[in-house]
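First the structure, in the form of structure tokens, and then the observations on it.
The values are calculated or read from the model by the stated rules, or taken from the named source; none is laboratory data. On a predicted model such as this, the values are computed, not experimentally measured, just so you know. Note that each Cβ is placed from the backbone with ideal geometry, even for glycine, and that neighbours are counted across all protein chains shown. For the accessible areas, the whole protein counts, side chains as well, though only heavy atoms, and no ligand, DNA or RNA atoms are used. Shrake-Rupley method; radii C 1.70, N 1.55, O 1.52, S 1.80 Å.
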Amino acid sequence: MFIFNNTTSSSSGFLLTAFPGLEHADVWISIPVCCLYTVALLGNSMILFVIITERSLHKPMYYFLSMLAAVDLCLTITTLPTVLGVLWFYAREISLKACLIQMYLVHTFSFLESSVLVAMAFDRFMAICNPLQYAIVLTDMMSLVIGLIIFIRQVIFTFPCVLALSNVSFRGGQELSHPFCYHPDMIKYTHSNPWISNFWGMFLQLFLNGTDLLFILFSYVLILRTVLTIVTPRKQQKALGTCVCHICAVTVFYVPMITLSLSHRLFNSTPRVICSILANIYLLLPPVLNPVIYSLKTRMIRQAIFQLFQFKSSRRPNMRGLRRR
């Protein structure tokens, strides 16, 4: 748990900021922010619950979707305490240890989401380009192995970065641009030369997210080439239609991430309020939109959710009848 105080300065921590220059409107800003967090928590929980309970969804495509929902849920929970603490209680101060833990979790789940999107791209590649080999290659065990590889990859690359940062001394009492701890924002306030840590963070993001994005783009080049060989236009649309949700998820994740990273590392003159808005979009938009997109565009998920609500509504009259008896 994060430890907050309502003080205005600290020698061993940082001061969080919701939206710099808009502190007088924090209460009003908290209303849409709370609505977005509610949608993210309920939507991803619903996706997870439906996939776990519905046996017809126990397939590789939906296993990867459940991983995406779990990562989005964890990412939402990671930033929720500090964001609401700043907006509701003006609890701006956070200790250095808590800040490092939150920073590690934010970046770990962010890298995890990127890797899960790669796994989902591989799933679409196999389903469209090699449909006869799909059931042979992507078994339940292979889906589990892919999930473990994704997790181990993140630990190997991100944990050394946190160990290195734990030995770095920071200038306490500095005001961050976000209501959560973000590496490019924190590293500006080190006593040592920030370029070393900044370079390592940039390298890590380019290596992990960059290779993931290249793999996704390469997968869709192969998918598009295969789709163009299909003679029937209706079958072409059907094949591409199975990729729409994933393309939306990739766009919603990578566009804000790249924009935020560039605004912090390359465009130092970017106003702090713009950086704060981009950061909140980057961390809130994917968890909010992913369950909405997959619920609306995926027929199996949509039917499972409808069946769940129908079961609950039909169960209530039966429970009332039992109580009367």
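Counting Lys and Arg as +1 and Asp and Glu as -1 over every other residue whose Cβ lies under 13 Å from the Cβ of Pro131, the net charge comes to +2. Estimated at 0.36 nm per residue, the fully extended path between Leu80 and Ile31 surpasses their Cα-Cα distance by 16.3 nm.
Ordered from longest to shortest, the equivalent ellipsoid semi-axes for the chain are 37, 27, 17 Å, each the square root of 5 times a Cα gyration tensor eigenvalue.
Over the C-alpha atoms of segment 106-251, the Rg to Rh ratio, Rh being the Kirkwood estimate, stands at 1.12. Assuming R0 = 30 Å, what is the FRET efficiency of Thr242 and Phe157, from their Cβ-Cβ distance, to the nearest 0.05? The formula returns an efficiency of 0.45 here. Less than 5 angstrom separates the built amide H of Ala91 from those of Val86, all sequence-distant by 5 or more or on a different chain. Think of it this way: in the chain, Cys34, Cys35, Cys74, Cys129, Cys161, Cys243, Cys245, Cys248, Cys275 stand alone, with no other Cys Cβ under 4.7 Å. Expressed as a whole percent, the accessible area of the chain that falls on carbon and sulfur atoms is 70 (1.4 Å probe). The protection proxy used here, the mean number of other Cβ atoms lying within 10 Å of each residue, ranks peptides 17-26, 75-84 as follows, highest first: 75-84, 17-26. When all alpha carbon pairs of segment 117-172 are counted in 10 Å bins from zero, the resulting P(r) reads 20, 33, 20, 15, 9, 3 %. Taking each DSSP H run with n ≥ 4 as -39500 (n - 2.57) and averaging over every residue of the chain yields -26500 deg cm²/dmol at 222 nm. Based on every Cα atom in segment 251-310, Rg and the maximum pairwise Cα distance Dmax equal 16.6, 54 Å. In summary, the aspartates and glutamates within cross-link reach of Lys59, defined as a Cα separation below 12 angstrom excluding same-chain residues under 8 places away, comprise Asp123, Asp140. Using C-alpha pairs under 8 Å with a sequence gap of at least 6, the mean separation divided by the residue count of segment 1-113 gives a relative contact order of 49 percent. Each residue, Leu296 and Leu214, gets one label point 7 Å from its Cα in the Cβ direction; the gap between the two is 3.4 nm.
Across all directions, the average flat footprint of the convex hull enclosing the Cα atoms of segment 1-126 is 9.2 nm². In segment 200-311, Rg over Rh equals 1.09, where Rg is the alpha-carbon radius of gyration and Rh the Kirkwood radius from pairwise Cα distances. Express in nm, to one decimal, how much length is gained between Val255 and Glu23 on full extension, taking 0.36 nm for each residue of separation and deducting their alpha carbon distance. Length difference between fully extended and current span is 80.8 nm.
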